[in-house]
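Here the structure comes first, spelled out in structure tokens, and everything after it is commentary.
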Amino acid sequence: MTDVARLMILVIGLFFMGLPSMTEAQGAQVAFGNTQRDRDLPVEVTSDNLNVNQNDNTAIFTGSVVIGQGEMRLSAPRVLVIYLSDKSGIESLEATGGVTVVSGADAAEAARADYNLITGMIEMQGDVLLVQGENAITGDTMIVDTTAGTAQVSGRVKTLLQPKAKE
């Protein structure tokens with residue numbers, strides 16, 4: 001029996017056994033969120049405190065910060081908002097102190113997140129945890145493309161997939 005045949009039998013056996021599987025990889029691409037981000041929707045920020053610096057086009061929100069745009073929510077203890085040079089909108093957000101991003105039924109946590117509203121890209125760093133229903137993925141970094149609705153997890157990725165319930 002060839003190595004390929006043995007591998008196929010092992011994979012098929014695990015599939016039919018219905019056991020939860022834990023895999024480790026260097027990177028994994030997954031879907032994130034069930035709706036694509038709409039750049040035309042307003043960005044709403046709530047917090048306990050706000051400090052604005054007109055000289056460098058920034059604002060620092062602190063204390064239970066929650067930022068929403070459409071179906072997506074970002075929460076953190078501290079968020080630095082960088083405005084466009086003409087002050088016509090927000091260029092980017094830098095969230096620190098433990099960040100949670102929720103989009104549809106998907107939720108992700110990390111130590112920090114940098115969100116570029118121009119490109120729609122979010123980079124989450126530090127003990128990333130992505131939860132999708134009963135499944136979970138952990139890694140060091142996750143890049144979310146809010147326009148495409150995808151995410152790339154990298155850095156010692158671990159995935160826990162729950163089997164479907166038998167009917």
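Values computed for the structure shown
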item	result
Where S88 falls short, out of the listed (1) under 17 Å from S47 (Cβ atoms); (2) surrounded by fewer than 17 Cβ atoms within 10 Å (Cβ to Cβ)	(1)
Residue match in region 60-69 (condition: surrounded by fewer than 18 Cβ atoms within 10 Å (Cβ to Cβ), in contact with a Gly (Cβ under 6 Å, 6 or more places away or on another chain) and not β-branched (V, I, T))	no
Subset of region 126-137 [outside any loop (DSSP other than H, G, I, E, B) and surrounded by fewer than 18 Cβ atoms within 10 Å (Cβ to Cβ)]	G126, D127, L129, V131, N135, A136
Checklist (1) under 25 Å from Q54 (Cβ atoms); (2) of a type in the set (D, E, K, R); (3) in contact (Cβ under 8 Å) with a residue 40 or more places away in the chain applied to K87, failing item	(3)
Any hit, region 111-119, residues being farther than 20 Å from V45 by Cβ, assigned to a strand (DSSP E or B) and in contact (Cβ under 8 Å) with a residue 12 or more places away in the chain	yes
Odd one out for I118 among (1) farther than 20 Å from V81 by Cβ; (2) at pLDDT below 90	(1)
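The values are calculated or read from the model by the stated rules, or taken from the named source; none is laboratory data. Just so we're clear, the structure is a prediction, and the values are computed from it rather than from any experiment. Cβ coordinates were reconstructed from backbone atoms using ideal geometry, including for glycine residues, and neighbour counts include every protein chain displayed.
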